[in-house]
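One structure is given below, encoded as structure tokens.
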Amino acid sequence: MRNKCAEVIKKIKKDPYMCAGVIITVIILLMIVVGLFWMPYEPTKMSASEKLKGISFKHIMGTDNMGRDVFSRVMYGSRVTFLIALGTVFIGAFMGTLIGALTGYYGGLFDEITMRVIDAMFAFPSILLALVIVSVFGTGWIQLLFSLGIAFIPSFARIVRGEVLRCRNTDYVESAKLQGVSDVRMIFVHILPNIKGVLASSILIGFNNAVLAEAGLSYLGVGSQPPYASLGKMLSDAQQYMFTTPSYCLCPGLVIVLMVLGFSFLGEGIRRWE
Amino acid sequence: MGVILDVTDLHIEFHDHGFPEVAVEDFDLMLEEGEIVGIVGESGSGKSMSALAIAGLLSRHSITKTGRIMFNGDDLLTCDRKTLRSYQGDEISMIFQEPMTSLNPVKRIGWQVEESLFIHHPDIDKKKRKEMAIEMMLAVGLSDAENIYHMYPHELSGGMRQRVMIAAAMIGNPKILIADEPTTALDVTVQAQIVELLKKINKERGTSIIFISHDLSLVNQLCERVIVMQKGNIVESGATERVFGAPQDIYTKKLIAAIPKIDIGN
Ligand SMILES: Nc1ncnc2c1ncn2[C@@H]1O[C@H](COP(=O)(O)OP(=O)(O)OP(=O)(O)O)[C@@H](O)[C@H]1O
Ligand SMILES: [Mg+2]
């Protein structure tokens, strides 16, 4: 076990993408996890005397227009953003895989109809689609999570369908059929493990898109509600103070960039793993 | 000795390109218990299609199949999927030409050998399954079975993979084993070993074997009876000695004449 760990670490060290991805992601995760137990200030505590302060020892990312500590708010905001992105990808990947696997495996009319619906959904940018869904369900972070999740289904469905289609006619699937393997077992036990690499990197890419989509939607004002803000919401609140207190908008922006960058590098690293 | 498989008037037609394309016409085969039957014929003569139909793998909508394939009182062409599945892998097994691609690349060898036990005999527990798999792997000549059990397909040679395929096909002790050109992708010495292995399986377990091959000399070594196919039709069939010794059909004569004869010194 220890040997294996050492081997994995050695392999990570060798690949710059993997290395950078792991470091950045660990920093972000650390910030989120620490934020669960400790934050320098209460993220909602306002202070009239400390509005829009720049970077200082007391407030390492400065304060916002209500005198709240930006670093504490970023810690909290990354947690919100991370959870929404995670939930989005989970819904998208789970449903997408299910739909893609079934349509890819069975083909026929069922595939034809489902894929046309998926294509229609795919034709809209996921942000726009999510916006439509949010406007039906109302705003709030749960609604946001579900609408983004649904908006992410098509891309996963397409990827998985393509991969399953590729596996469906291979010799090993044929020989498994000859052993009397049922369809369900064939799809989930024989075929899906063969596409887990592709699935893993699409999940990471999907995660990035979800972070950006969440930021975009919050920016448009349909995301998490004040006083608890996601990173995207913070960014949109901060924009009017961009020139007076640059730290206020730069800091959450930077964290979004790091989050996306870290997972992109991880995705690339996983792709090149073998 | 009784008849175990009775195929009559098997007719297979494709409708992939808008018009019917006949792949197999009037295929008849009576397989006796414990018998090895060879099917020979040029590429595209319908050998694999007949075999796949018997194994129940031709289930696409665009294929029409008529005739009867009687096994155990069921017609494999018309019986429901559940019945068919209960036979597949347990009573009727098949191995393919390409040992390199017939194993799932992400599953361990042991898992793959055990799969049909897992499906057809869920009452057998994990430990017993492993025991049976190791025993079967040893029986097909994988002497390092304990280690190979934990390996992945890419760690094995073609010959070893074909042995794994045979182990996986034989673990449920099927009554019929269909081998579609099982040796074509292997080199000559390994070919001979695999043929010996099939012979041994047939003798020790009484498994009936349908052996499909281009290689008439292998068929001659292994099979008591042979069926010669051309363009989807059976042109000649009978005892191997008779067919190869005194061929009646022009096509069979041509096939036999085409066997390269090697004279070394003498
Ligand atoms: N999808 C298809 N549509 C139409 N015809 C097909 C299709 N698939 C196979 N065939 C035809 O079925 C016939 C029989 O093919 P089969 O694979 O049984 O040949 P074979 O005797 O096994 O040849 P080989 O020795 O090369 O394996 C061929 O003539 C082929 O053209
Ligand atoms: Mg063939």
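Since every read-out is calculated from the coordinates, none of them should be taken as a lab result. Just so we're clear, the structure is a prediction, and the values are computed from it rather than from any experiment. For neighbour counting, all protein chains shown are included, and Cβ atoms are generated from backbone atoms with ideal geometry for every residue, glycine included.
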Distance in Å, no decimals, from the C-alpha centre of the range B:9-72 to the one of the range A:176-238 is 46 Å
In whole µm²/s, the translational diffusion coefficient that Stokes-Einstein assigns to chain A, given a Kirkwood hydrodynamic radius over C-alpha pairs, 25 °C and 0.890 mPa s, equals 119 µm²/s
Cα extents of the protein assembly as shown per principal axis, largest first, Å, are 109, 53, 48
The lysines whose Cα lies under 29 Å from the Cα of A:K196, excluding any fewer than 8 residues away in the same chain, are A:K4, A:K10, A:K11, A:K13, A:K14, A:K177, B:K107, B:K126, B:K127, B:K130
Net charge (Lys, Arg +1; Asp, Glu -1) of residues whose beta-carbon lies under 12 Å from that of B:T8, B:T8 excluded, is -4
Here the relative contact order (percent) of chain B, from C-alpha pairs under 8 Å and at least 6 apart, is 25 percent
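Tell me the net charge near B:W111. Cut-off is 12 Å between Cβ atoms, B:W111 excluded, with +1 for each Lys or Arg and -1 for each Asp or Glu.
+3
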Excluding residues fewer than 8 positions from A:K53 in its own chain, the lysines with Cα under 28 Å of it are A:K45, A:K233
Per-residue ellipticity at 222 nm attributable to helices in the protein assembly as shown (runs of n ≥ 4 DSSP H, -39500 (n - 2.57) apiece, nearest 500 deg cm²/dmol) works out to -17500 deg cm²/dmol
Here the net charge surrounding A:C5, from other residues whose Cβ is less than 14 Å away from its Cβ (Lys, Arg +1; Asp, Glu -1), is +4
Taking Cα atoms only, Rg over Rh for the range B:4-125 with Rh from the Kirkwood formula is 0.99
Rg from C-alpha atoms of the range A:138-229, normalised by the globular rule of thumb 2.2 N^0.38 Å, equals 1.51
Treating every alpha carbon of the range A:121-274 as one equal point scatterer without solvent, the Debye formula yields log10 I(q)/I(0) values at q = 0.20 Å⁻¹ of -1.19
Which residues qualify? For B:I4, with a placed amide H closer than 5 Å and at least 5 residues away or on another chain, they are B:L31, B:E32, B:E33
Expressed in angstrom and ordered largest first, the alpha-carbon extents of the range B:104-218 along the principal axes are 43, 30, 21
Using eta = 1.567 mPa s and T = 4 °C, Stokes-Einstein with Kirkwood Rh from Cα pairs puts D for chain B, in µm² s⁻¹, at 67 µm²/s
With the convex hull built on the alpha-carbon atoms of the range A:201-269, volume per residue in Å³ sits at 77 Å³
Cα-based Rg/(2.2 N^0.38 Å) for the range A:38-100, rounded to two decimals, is 1.62
Listed residues B:A133, B:A246, B:A185; largest mean-square fluctuation, Gaussian network over chain B with Cα springs below 10 Å, found at B:A246
Stokes-Einstein, Kirkwood over Cα pairs, the range B:123-176, 4 °C, 1.567 mPa s; D in µm²/s equals 113 µm²/s
Assertion target for B:H150, B:H120, ordered by fewest C-beta neighbours within 10 angstrom first, is B:H150, B:H120
Filtered hits (lysines, Cα-Cα < 27 Å from B:K254, offset >= 8 within chain) -> B:K47, B:K231
Highest GNM mean-square fluctuation among B:L57, B:L84, B:L222, for chain B with Cα springs under 10 Å, belongs to B:L57
Computed over chain A, the relative contact order (Cα-Cα under 8 Å, seq sep at least six) in percent reads 28 percent
Quick note, the range B:220-259: a/c under 1.5 would make it rounded; otherwise a/b > b/c is prolate and the rest oblate (a ≥ b ≥ c, C-alpha gyration tensor); here it is oblate
Sequence order, the range B:70-77: Karplus ³J(HN,Hα) from phi using 6.51 cos²θ - 1.76 cosθ + 1.60, θ = phi - 60°, Hz rounded, Gly and Pro as x, gives 8, 9, 6, x, 10, 8, 5, 6
If one builds a Gaussian network model of chain A from Cα atoms under 10 Å apart, the most fluctuating residue listed among A:V89, A:V22, A:V34 is A:V34
Ratio for the range B:193-266, C-alpha Rg to 2.2 N^0.38 Å, reads 1.22
Taking A:K10, A:K51, A:K45 and counting other beta carbon atoms within 10 angstrom, the fewest-first order is A:K10, A:K45, A:K51
So the pair-distance distribution of the range A:60-158, from every Cα-Cα distance in 5 Å bins, comes to percents of 3, 13, 17, 17, 14, 12, 9, 5, 4, 3, 2, 1, 0
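Going by how many other beta carbons lie within 10 Å of each one, how would you line up A:L217, B:L197, A:L231, A:L29, fewest first?
Ranked by crowding around the Cβ, least crowded first: A:L29, B:L197, A:L217, A:L231.
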